[in-house]
Every structure is written in C-alpha cells, then in structure tokens.
Amino acid sequence: MKKVKLTFSYDGTDYGGWQRQKEGRPTVQGEIEKALQKIFKNKEIKICGSGRTDAGVHAYAQVAHSWLPDNVESIPLMRGLNGLMPTDISVHSAYIVNDDFHAIASSQKKTYQYKIYNSSLPFALNSKYKHWVRKPLCLDHLNQFARHFIGTQDFKSFMTAGSPVPSTTRTVYRSEWIRNESSPEEISYYVAGNGFLKQMVRNLVGTMLHMHFKNKSENDLLEVLKSKDRRKAASSAPALGLYLMSVEYPADIDKPLKLLD
C-alpha cells in the first residue's frame, strides 16, 4: 500500500458537507471514495480529510490522504478521479508521500475566506457563493473586532455544540476584513490559524456582523470572548459564504515521493 496526498476543490452547494453519511445528501468524502473504489475495484478505500466542512461550504484547496494499492504508480489517478467524479469536485494534485504524513495531524495552518456581497440589491449569480448583506458595512468597525481574535486563546464562545474536543484553545495568525478595490461591494473576512472549532469561522463572522449593526464596542466583543459561553455570541453566518482557502504542512513531511498524473 502507498500513502497518497490529494488536493482538490469543490463547490459545496449540493453536498451535505465533507463527512461521509449513511443517508441523506451526497458528501464530498463519499464522492471521492466512490471514485477511488471504482478505479481500484476495492470497497474498503477510505480517505481522511484535513477537516470537516459543513453543508454548503466550499473549498479552493482541501487536502486528504489515503492508503492506496501499490499499482497506484501505474494508474493515471488524477485523470481517473476527475473523469469519475461530479464536475463540482476537482482534484488538483496527487502524489505519494511518506507514511508519517497525516492530513489532520500534520497540518500547521489553515486559511479560510468568508465572502459577502454588500449591496442594497441582491445579485442572482452570487446567491450560492456570497452572503448578501444589504446594509452598508464599515470595515474599520469590523476590523476593530477582528484584531482581537489574533493570538492564542480560548474560543469556546464560538464553538457550535456537537463535536467534543480535548481543548477549545486555538492560535489565530490572521484576522482581517478586506474590500475588493475593483468591486467595492465585495467584502471578505480572512482568518488563518493552527486549527478551528466546529463552525468557529461562521460564528466569528456572525458575531462581528451582529455587533457591527448593533453598534457594539470592542469591550462588548471581549466580554463574549472571555465568557467562554456560546450563548453570548450571535448566530452563525450562512455556510454559503465560507471557503477553505489552503492547508499548510511542514516541508519535510509534505514531500512528494512520486507525482501521479
């Protein structure tokens, strides 16, 4: 068996999230595993993703690993996967890695983007990919909130219940709102960290938007952060605006041993 790293993108609109499910809507993990099982004529192939994205969340560069049969070196794996999977999932790269590579445990940094269309009128082509906010947004005000998330701290106030974890402390390296200069109605929140709790990014965005429109202060946000109480924060922002941008690994672990076509 060979350990293989896959990097791929997907439009999460029609999927029930990343994680395989016995019933309900198709999932991204499920579709990739089905394609691999067809290629290798094996019912037991499983993949491990770098994290679980929710239903409706998109990805520019999700990462997963899988143990595949030795003949993977003689198979056009990427072409095979892209030919078998729905067109809203695309594999960008595939290569054999050392046995100690792990899509979750080896990751050092993840970056997410949350996209907002800030206009008094909606735009139909954004309806599945950007959160429409009709009232004007002040980026200076939003960034006053965003800067307080940078650093190592307990983000329990922004974790949705349902996925117990050993610790709710995470380190955030970047947290900022940016306006698209060529298209001013497009606003994005960028956040990068060593890991994220369940729906943490959507909860951060939802809380910042809520506090912005309620004209809350930075101290109000700090009270929510320090409370470690999810009930003190606001509702989650809709899933459709969220994108996993990248997952980064140490160079000595993420080393291609053999590229696969």
Among the residues of segment 12-39, which ones are surrounded by fewer than 19 Cβ atoms within 10 Å (Cβ to Cβ) and closer than 18 Å to LEU242 by Cα? THR13, ASP14, GLY16, GLN19
Can you find a residue that is part of a loop (DSSP other than H, G, I, E, B), of a type in the set (Phe, Trp, Tyr) and not assigned by TED's automatic domain parsing to the domain that holds ARG179 anywhere in segment 37-44? no
Hey, any hits in segment 240-261 for a residue that's at pLDDT 95 or above, of a type in the set (Lys, Arg) and surrounded by fewer than 21 Cβ atoms within 10 Å (Cβ to Cβ)? no
Against the condition crowded, with 19+ Cβ neighbours inside 10 Å, aromatic (Phe, Trp, Tyr), touching a residue at least 24 places away in the same chain (Cβ under 8 Å) and within 19 Å of ALA192 (Cα to Cα), how does PHE101 come out, does it pass? no
Just to verify a result, which residue in segment 122-141, among those that are more than 23 Å from the chain's Cα centre (by Cα) and in a loop (DSSP other than H, G, I, E, B), is surrounded by the most Cβ atoms within 10 Å (Cβ to Cβ)? LEU137
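Against the definition (farther than 17 Å from LEU244 by Cβ and part of a loop (DSSP other than H, G, I, E, B)), how does SER157 come out, yes or no? Before the answer, list the steps.
Numbers: farther than 17 Å from LEU244 by Cβ: yes; part of a loop (DSSP other than H, G, I, E, B): no.
No: the conditions fail for SER157.
Conditions tested, residue by residue: (1) among the aliphatic types (A, V, I, L, M); (2) assigned by TED's automatic domain parsing to the domain that holds LYS156; (3) touching a Ser or Thr at 6+ places or on another chain (Cβ under 7 Å); (4) modelled with pLDDT under 95.
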| site | (1), (2), (3), (4) |
| --- | --- |
| GLU176 | no, yes, no, no |
| SER182 | no, yes, no, yes |
| LYS198 | no, yes, yes, no |
| THR207 | no, yes, no, no |
| ASP220 | no, yes, no, no |
All but one of (1) in a strand (DSSP E or B); (2) hydrophobic (A, V, I, L, M, F, W, C); (3) within 26 Å of ARG231 (Cβ to Cβ) hold for ALA146; state the number of the condition that does not hold. (1)
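Taking the criterion of being without any contact (Cβ under 8 Å) to a residue 12 or more places away in the chain and assigned by TED's automatic domain parsing to the domain that holds ASP99, would at least one residue in segment 4-12 satisfy it? Break it down into steps so the answer makes sense when it comes.
Here is the first cut: in segment 4-12, the residues without any contact (Cβ under 8 Å) to a residue 12 or more places away in the chain are none.
No.
Output the residues belonging to segment 54-64 that are more than 16 Å from GLN37 (Cβ to Cβ) and either part of a strand (DSSP E or B) or more than 19 Å from the chain's Cα centre (by Cα) (or both). Even if it seems obvious, please write down each step before you answer.
Looking only at segment 54-64, we keep the residues that are more than 16 Å from GLN37 (Cβ to Cβ), and these are 54-63.
Matches in segment 54-64: HIS58, ALA59, TYR60, ALA61, GLN62, VAL63.
The values are calculated or read from the model by the stated rules, or taken from the named source; none is laboratory data. Treat the numbers as computed from the prediction; the structure is a model and nothing was measured. Counting neighbours? That spans all protein chains shown, and the Cβs are built from the backbone with ideal geometry, glycine included.
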